[in-house]
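Step one of this worksheet: look at the structure below.
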Amino acid sequence: MSTITQSRPTTRNASRPARTGKAQRQARASRRTTITLSPESQEIVERFRSATGTSTSAAIDRIIQRSEPKPSRLKEVNGFLVLDVPTKHPPVHFTLEDLKEAEDDMDREYIERLMPRKKKPAPKRSGKGRRK
């Protein structure tokens, strides 16, 4: 995999103040990069791009951001696993049946998206019984 980036080396000058505000945002702005992907990776990006309706750049960006580990929102309270919901959200109440139903729905959607439906063959018509 090859990567080409264009950026200037950063040099610190004691007489120059540290970057603030707009200068920091510009330094973090996206830059143009050329990459070479394996055929398998290209296929993954293409599937993600077509499923989300985004550009190739946006698809690669989202895939990379999703791969970054995030802290678990589950915590154990009195021996029970609890979903840690931010306080700004209204209270959430789930039953076990709600969770099972949501899991079944997600599985069904996943299968429908990845498994193309087979077209039913058109029924064969015999010469008999034709309408006139």
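Largest first, please: the extent of the C-alpha atoms of region 48-112 along each principal axis, to the nearest Å.
Over region 48-112, Cα extents along the principal axes are 45, 27, 22 Å.
Across region 92-107, in residue order, what do the Karplus-derived ³J(HN,Hα) couplings come to in whole Hz, using 6.51 cos²θ - 1.76 cosθ + 1.60 with θ = phi - 60° and x for Gly and Pro?
Those phi angles translate into 10, 10, 10, 9, 4, 5, 4, 5, 5, 5, 5, 5, 4, 4, 5, 4 Hz.
I'd like the accessible area for Thr52, computed on protein heavy atoms only with a 1.4 Å probe and all protein chains in place. Round to 10 Å², please.
60
Tell me, what is the FRET efficiency for Val92 and Thr54 to the nearest 0.05, using R0 = 25 angstrom and their Cβ-Cβ distance as r?
Working: r = 29 Å, r/R0 = 1.17.
With R0 = 25 Å, the Cβ-Cβ based efficiency is 0.30.
The values are calculated or read from the model by the stated rules, or taken from the named source; none is laboratory data. Predicted, not measured: the structure shown is a model, and the values here were computed from it. No Cβ is skipped: glycine too gets one built from the backbone with ideal geometry, and neighbour counts run over all protein chains shown. When the accessible area is computed, the model is the full protein with side chains, heavy atoms only, and any ligands, DNA or RNA have been set aside. Shrake-Rupley method; radii C 1.70, N 1.55, O 1.52, S 1.80 Å.
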